[in-house]
1. Among the residues of the stretch 3-22, are any within 19 Å of residue 92 (Cβ to Cβ) and either open to solvent by 20 Å² or more (accessible area, probe 1.4 Å) or more than 15 Å from the chain's Cα centre (by Cα) (or both)?
2. Given the conditions (1) more than 20 Å from residue 27 (Cβ to Cβ); (2) open to solvent by less than 80 Å² (accessible area, probe 1.4 Å), report the number of the one that residue 83 does not fulfil.
3. So the check is Cβ under 6 Å with 6+ separation or different chains; which pairs have a first residue in the stretch 33-44 that's more than 22 Å from residue 90 (Cβ to Cβ) and a second one that's of a type in the set (Ser, Thr, Tyr) and exposed (fewer than 15 other Cβ atoms within 10 Å of the Cβ)?
4. Here is a check on your reading of the model: is residue 68 open to solvent by less than 30 Å² (accessible area, probe 1.4 Å) and touching a helix residue (DSSP H, G or I) at 6+ places or on another chain (Cβ under 6 Å)?
5. Filter the stretch 73-122 down to residues that are without any contact (Cβ under 8 Å) to a residue 24 or more places away in the chain and assigned to a loop (DSSP other than H, G, I, E, B) and give me whichever is nearest to the chain's Cα centre (by Cα).
6. What number goes with the only condition from (1) within 21 Å of residue 41 (Cβ to Cβ); (2) basic (Lys, Arg); (3) surrounded by fewer than 14 Cβ atoms within 10 Å (Cβ to Cβ) that residue 96 does not pass?
Amino acid sequence: MLGFYHVQMARYATNLVEKMFSYVKGAGEYTHASSKYPEDDELRAWYLNCTMDCMRNAGVPIENFLMAATGLRDSVPKMQKIWAVSELAMGGRDQKIQANLDRADELMRRVAGKTLTLEDPVPL
């Protein structure tokens, strides 16, 4: 709930610094919320996905984004065993998760190709 609050604050912020800090706070809250669920729970994967959305919008370093992607990548197969068919899944959960994982893969390729560094902000 706190992550959602910070995302909404960011969406309506007119000051760009406030917007960035709200997304950073949202990422922290979503990360904290994800840790409260078992590894195979749907909400653990979903909150990690929300973390990555916030990180992307905040422009955090690529290294941090990739660490969140690793956690999400690890939890998705475990979650799928139980939650393959759920209300959240029917609402496009898997496509949204895959979009973030694809983004992480793209960033890893660009870092490997030396067009970005791990310290660079995640490009929008």
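1. yes
2. (2)
3. Nothing qualifies.
4. Working: open to solvent by less than 30 Å² (accessible area, probe 1.4 Å): yes; touching a helix residue (DSSP H, G or I) at 6+ places or on another chain (Cβ under 6 Å): yes.
The answer is yes for residue 68.
5. 92
6. (3)
The values are calculated or read from the model by the stated rules, or taken from the named source; none is laboratory data. These numbers come from a predicted model, not from an experiment. Positions of Cβ are backbone-derived with ideal geometry, glycine not excepted, and every protein chain shown enters the neighbour counts. What goes into the accessible areas is simple: the full protein's heavy atoms, side chains included, and nothing from ligands, DNA or RNA. Shrake-Rupley method; radii C 1.70, N 1.55, O 1.52, S 1.80 Å.
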